[in-house]
Structures are given as C-alpha cells and as structure tokens.
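Take a look at the structure set out below.
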Amino acid sequence: MSIRPYTNKKGERIRGRFIIDYYPQGAKGKRERRVYDGTEGEAHVYEKELRQQNIDRPNYINPKIADILPDYLSWLKLHRAPRTYEDIKKSLKWMLPHFGNIQFSRITPSIIDQYKQKRAGRPRATNKELAYLQSIIKYAVKTGAAQPLPFRIEKLPYKRTIPKIPHPLEIEKLIAAVQKDKERKQALLLFMWECGLRFGDASRIKWEDIDWYNGSVNLVQKGGGERVAVMTDRIKNLLEPIKKDDGYVFLNKLTGKPWQSLKCLFTEASKRAGIKRFNPHALRHAAATYLLEATDNLRLVQHFLGHKDITTTQIYTRVTAIRLKEGMARAADYIGRLKNEQTVDIKKGK
C-alpha cells in the first residue's frame with residue numbers, strides 16, 4: 001500500500017486529501033485506489049485498517065452494498081412493516097452515496113466516522129441510518145454474501161429531548177377548527193389524542209380492523225407488532241355514519257394510499273383556532289402525560305402507548321417532573337404575593 005497527497009489536473013496539491021493505493025487480492029491482483037479526506041495521520045490509520053481487513057480473507061462472494069439492495073428490499077417488504085420499509089428506502093438517499101460502492105469487507109471504522117461527519121448535526125437520524133446499515137449487513141451475512149464486521153459500529157451520543165405538551169384546551173380548539181372531510185380528520189386526531197396512537201399506526205387503520213361491538217381496533221404498529229387499542233365513543237360516533245366494509249379509513253383519494261402527512265392540516269387548523277402550531281406527535285405525548293398524571297401508573301401508560309420496553313415510557317416521568325417543578329414555582333410565586341399583601345396590610349394597621 002502507499003499513501004500520497006491528492007493533486008488535481010493542474011498538479012496542485014489539495015490540502016487534507018490523500019490517495020491510498022492498495023491490492024485487495026495481493027501483489028498480483030488488481031490495484032484499487034481510494035480517496036481519503038482528513039489528516040495524513042488519519043490516512044495512515046485508515047490504511048492500516050484496510051490492511052487488516054485483507055489479512056487471511058477467505059474467497060467468498062463479497063458484493064458491494066448497492067448490489068445486494070434489490071434482494072434486501074424485497075425481503076424487507078415481506079418481513080417488516082410497510083412504514084419501516086418506506087423509511088429505509090428514504091434513508092438510502094443519504095446512505096447510498098457514501099456506502100453504496102463499498103464492499104462489505106472494506107467497511108472500516110474510519111468509513112463509518114466519515115459518514116458521521118457528513119451527517120453532523122443530526123445525531124438521531126444518523127444513528128437510525130447506521131442501524132439500517134447494520135440491518136443490511138446482517139441480511140448479507142445471513143444469506144452468505146458477506147462476513148460479519150470485525151468491529152462494533154459505535155453510535156453518536158444523543159440525548160432525547162423532553163417533548164413539549166400542549167394544553168387540553170389547545171388540542172380541543174385545534175380539533176374543532178378542522179374543515180373539509182371533518183368527521184374523518186377529527187377521528188384521526190382523536191385516535192392520537194384520546195388513544196395515544198402514532199400517526200403512522202392510526203393512518204393505516206382499515207375498516208375491517210374495527211370491532212364496532214367491543215369498541216376496539218386491531219393495530220399493526222411500528223416494528224410490525226400487533227396490539228388492540230380502545231376506540232372512544234367520540235371516535236365511534238364520528239366514523240359509524242361513514243363506515244365501509246373494507247379499505248383504509250383515512251384514505252388519500254388522490255394517491256389511493258393512507259395519508260402521509262398532517263402538516264397542512266395542523267397549519268390551517270392552528271391558524272383558524274388562533275393557537276400556536278405544535279407537532280402532530282405532541283398529541284400522543286400529551287395523551288400519555290395526562291394519563292400518567294391522572295393515574296400515576298407507568299405500566300398502564302406503557303400498555304396504552306404499546307411500548308415493548310418500559311424504559312421508553314419513562315421519559316414521561318421526566319415530563320411530569322418538569323411540570324411539577326413548574327407548578328411548585330408558580331406556587332412559590334403565589335405564596336410570595338400573599339406574603340407581600342400581608343406585609344402591606346400590617347403596615348396599614350389592618
């Protein structure tokens with residue numbers, strides 16, 4: 001292997017860029033060339049990683065990541081939830097330019113770190129994309145097209161933000177301000193607000209999933225799991241007059257698919273209601289927060305939200321703790337005003 005500075009067509013050296021020449025199949029094999037962006041020291045580390053990747057490699061089929069994607073996506077469509085399939089397809093927009101032309105055995109920690117740098121400022125999205133990369137690698141290993149990576153992909157540090165919770169009156173004003181296909185859209189919002197459903201789960205409800213007698217809905221939720229959600233009387237009263245035998249309840253007539261976004265609905269309804277626009281997912285957060293405050297039962301909230309792991313649900317204890325602090329601060333302010341009023345009364349001789 002060799003490392004040399006990168007030069008353009010004019011022979012000018014480009015600072016912070018190096019050329020690495022190496023022979024994956026040995027001295028008699030075909031030479032490969034890779035451009036590396038970074039310091040010279042980092043380029044030497046990367047060269048060492050490439051060298052280690054090629055020591056005692058068996059002769060197995062080792063396609064590039066892009067080569068295996070058609071089979072992987074076909075498998076994904078069959079074995080994972082439609083929402084997961086669509087999200088991975090969207091994520092490939094960012095992943096393919098960086099990883100697409102790399103063979104599985106050529107993936108190194110430096111290549112992973114370069115991707116993290118490209119996606120700097122979006123740690124949550126980057127970690128999700130790296131998880132999808134791991135899924136592709138796992139599929140390649142399972143089908144015999146690749147070997148497992150000899151290292152663990154390290155995720156970026158990410159601290160989940162505490163969701164902002166709208167007031168119940170704001171939510172009711174928003175729902176009341178909905179126009180056009182009013183019953184159906186209000187029902188969708190109520191599934192998120194009163195039942196705590198994710199938009200993706202609620203929007204994919206089919207008429208045949210609804211048990212009108214028991215007031216329940218069979219859900220295929222995020223990750224492909226199934227569960228039963230309770231349908232409130234408000235939702236039932238809105239949907240029963242327009243019910244059908246089958247098909248999606250919240251169907252976009254233009255696309256023939258379930259609604260994909262609530263952005264326009266929230267923007268227009270918020271303006272009509274005279275309230276500040278909030279994120280659609282805040283309805284689910286609000287439902288969970290107020291249920292926890294009313295019952296103080298975290299297990300109940302976990303079941304209500306359909307969380308497999310209760311640690312995911314525990315974020316709502318942080319929300320209620322903050323609300324408690326805010327309430328205590330208001331109480332302290334109120335007590336302070338009472339003290340001041342009492343002091344004034346004493347000075348006046350009352």
How many residues of the stretch 205-219 are surrounded by 17 or more Cβ atoms within 10 Å (Cβ to Cβ) and in a helix (DSSP H, G or I)? The answer is 1
Taking the criterion of being more than 17 Å from Arg152 (Cβ to Cβ), at pLDDT 90 or above and part of a helix (DSSP H, G or I), would at least one residue in the stretch 41-64 satisfy it?
no
Inspect the stretch 151-168 for any residue being outside the structural domain of Glu194 (by TED's automatic domain parsing), within 22 Å of Glu32 (Cβ to Cβ) and in a helix (DSSP H, G or I) and give the result as yes or no.
no
Could you list, in sequence order, all residues of the stretch 260-288 that are surrounded by 15 or more Cβ atoms within 10 Å (Cβ to Cβ) and within 23 Å of Tyr248 (Cβ to Cβ)?
Leu262, Leu265, Phe266, Glu268, Ala269, Pro280, Leu283, Arg284, Ala287
Would you say Gly11 is among the small types (Gly, Ala, Ser), outside any strand (DSSP E or B) and modelled with pLDDT under 80?
no
Checked the stretch 169-201 for anything touching a helix residue (DSSP H, G or I) at 6+ places or on another chain (Cβ under 7 Å), basic (Lys, Arg) and assigned to a loop (DSSP other than H, G, I, E, B); matches are Arg198
If we ask which residues in the stretch 229-259 are surrounded by fewer than 16 Cβ atoms within 10 Å (Cβ to Cβ) and out of contact with any Gly (no Cβ under 9 Å at 6 or more places or on another chain), their number turns out to be 16
Collect the residues in the stretch 102-142 that are polar (S, T, N, Q) and under 15 Å from the mean Cα position of the chain (by Cα), keeping them in residue-number order.
Thr126, Asn127
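What residue, among those in the stretch 148-174 that are touching a residue at least 60 places away in the same chain (Cβ under 8 Å) and of a type in the set (Val, Ile, Thr), is farthest from Met192 (Cα to Cα)? Full working, then the answer.
Residues of the stretch 148-174 touching a residue at least 60 places away in the same chain (Cβ under 8 Å): 150, 160, 162-166, 168, 170-171, 173-174.
Among the residues that remain, those that are also of a type in the set (Val, Ile, Thr) are: 162, 165, 171.
Details: Ile162: 18, Ile165: 13, Ile171: 11 Å.
Here the answer is Ile162.
So which of Ile171, Ile136 ends up being at pLDDT 90 or above, farther than 30 Å from Cys264 by Cα and buried (at least 18 other Cβ atoms within 10 Å of the Cβ)? Walk me through how you get there before you give the answer.
On the way: Ile171 fails: farther than 30 Å from Cys264 by Cα.
Criteria check complete, one pass: Ile136.
The values are calculated or read from the model by the stated rules, or taken from the named source; none is laboratory data. The shown structure was predicted, so the numbers you read here are calculated from the model rather than taken from an experiment. A quick note on method: Cβ atoms are made from the backbone with ideal geometry, for glycine too, and the neighbour counts reach across all protein chains shown.
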